[in-house]
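A short reminder: the numbers here are calculations on the coordinates, not readings from a lab. Quantities reported herein were computed from a predicted structural model and do not represent experimental measurements. FYI the Cβ positions are ideal-geometry reconstructions off the backbone, even for glycines, and counts take in every protein chain you see.
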Amino acid sequence: MKEASADEILKSHGLRKTLGRLKVLEFFSSQQKAISHSELSKHFEGQLDRSSLFRTLQDFESHGLVHKVPDDVVSTKFALCSGPCDEGAHYDSHLHFKCSDCQETYCLDGAQLPKLSIPSGFKPERAEVLVHGICRACA
Ligand SMILES: [Zn+2]
Ligand SMILES: [Zn+2]
Ligand SMILES: [Zn+2]
């Protein structure tokens, strides 16, 4: 992720600056892993209520700031986008890695999706790959 301030990132994605958005964006930038809505709620307890957090995540996702990360947990996880994502379009095509020890999920920015051969007649729109294993911190 390039070094731009949270201010600039919001602006370049067409989002008005609010304190809540700044805080959430800074929190995402400080994490190497995907964050679930419930983890966010816990982190911002007493500062931002659940519904405004939820709205912030939706805004971030629809404006190409964060993407949903495939996972097998109930609470959806999100992570900062690494691709040239924009309003209404995501281009993140990296693999995701789920650690079976610490249960964290990471974006593997350097690992692109393998070329898939899709049978004719099917029109792929996006693909998600979740690799399971032991992460660097737990190995
Ligand atoms: Zn994206
Ligand atoms: Zn781990
Ligand atoms: Zn990702």
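Give segment 97-123 a look and list any residue that's out of contact with any Asp or Glu (no Cβ under 7 Å at 6 or more places or on another chain), of a type outside the set (A, V, I, L, M, F, W, C) and within 16 Å of ligand 2 (Cβ to nearest atom), or say none. Can you show your working first?
Narrowing segment 97-123 to residues out of contact with any Asp or Glu (no Cβ under 7 Å at 6 or more places or on another chain): 97, 99-104, 106-123.
Now narrow it down to the ones that are of a type outside the set (A, V, I, L, M, F, W, C): 100-101, 103-104, 106, 109-110, 112, 114-115, 117, 119-121, 123.
Correct list: SER100, ASP101, GLN103, GLU104, TYR106.
Quick one: which of ARG136, ARG126 is within 16 Å of ligand 2 (Cβ to nearest atom) and among the basic types (Lys, Arg)? Walk me through how you get there before you give the answer.
On the way: ARG126 fails: within 16 Å of ligand 2 (Cβ to nearest atom).
None of the others qualify; the one that does is ARG136.
Please tell me if SER82 is over 19 Å from ILE9 (Cα atoms) and among the small types (Gly, Ala, Ser).
Considered against the rule, which asks whether it is over 19 Å from ILE9 (Cα atoms) and among the small types (Gly, Ala, Ser), SER82 comes out as no.
Enumerate the pairs (first residue in segment 43-66 and under 16 Å from SER12 (Cα atoms); second residue anywhere and assigned to a loop (DSSP other than H, G, I, E, B) and within 16 Å of ligand 3 (Cβ to nearest atom)) with beta-carbon separation below 7 Å, excluding pairs fewer than 6 apart on the same chain, so at least 6 apart or on different chains.
GLY64/CYS81; GLY64/CYS85; GLY64/HIS90; LEU65/CYS81; VAL66/CYS81
Could you list, in sequence order, all residues of segment 28-41 that are under 21 Å from CYS107 (Cβ atoms) and either in contact with a helix residue (DSSP H, G or I) (Cβ under 8 Å, 6 or more places away or on another chain) or assigned to a helix (DSSP H, G or I) (or both)? Let's see the steps before the verdict.
Initial filter on segment 28-41 (under 21 Å from CYS107 (Cβ atoms)): 28-40.
Selection gives PHE28, SER29, SER30, ILE35, HIS37, SER38, GLU39, LEU40.
Could you run through segment 1-19 and say how many residues are without any contact (Cβ under 8 Å) to a residue 60 or more places away in the chain and surrounded by fewer than 17 Cβ atoms within 10 Å (Cβ to Cβ)? Quick ask: steps written out before the conclusion?
Residues of segment 1-19 that are without any contact (Cβ under 8 Å) to a residue 60 or more places away in the chain, as a first pass: 2-12, 15-19.
Of the ones still in play, those that are also surrounded by fewer than 17 Cβ atoms within 10 Å (Cβ to Cβ) are 2-5, 7-8, 11-12, 16-19.
The number of residues fulfilling the criteria is 12.
Check every one of the strands (runs of 3 or more DSSP E) wholly within segment 52-125 and list those with 1 or more residues that are touching a helix residue (DSSP H, G or I) at 6+ places or on another chain (Cβ under 6 Å) and surrounded by 11 or more Cβ atoms within 10 Å (Cβ to Cβ).
Values: elements: 66-69, 77-80, 94-99, 105-112.
By residue number, 66-69, 77-80.
May I ask you to list pairs of residues, at least six apart or on different chains, whose Cβ atoms are under 8 Å apart, with the first in segment 86-102 being in contact (Cβ under 8 Å) with a residue 24 or more places away in the chain and away from ligand 3 (no atom under 11 Å from the Cβ) and the second being part of a strand (DSSP E or B) and of a type in the set (A, V, I, L, M)?
LYS98/LEU130; LYS98/VAL131
Limited to segment 68-94, what total is found for residues that are in contact with an Asp or Glu (Cβ under 7 Å, 6 or more places away or on another chain) and within 16 Å of ligand 2 (Cβ to nearest atom)?
So the count comes out to 1.
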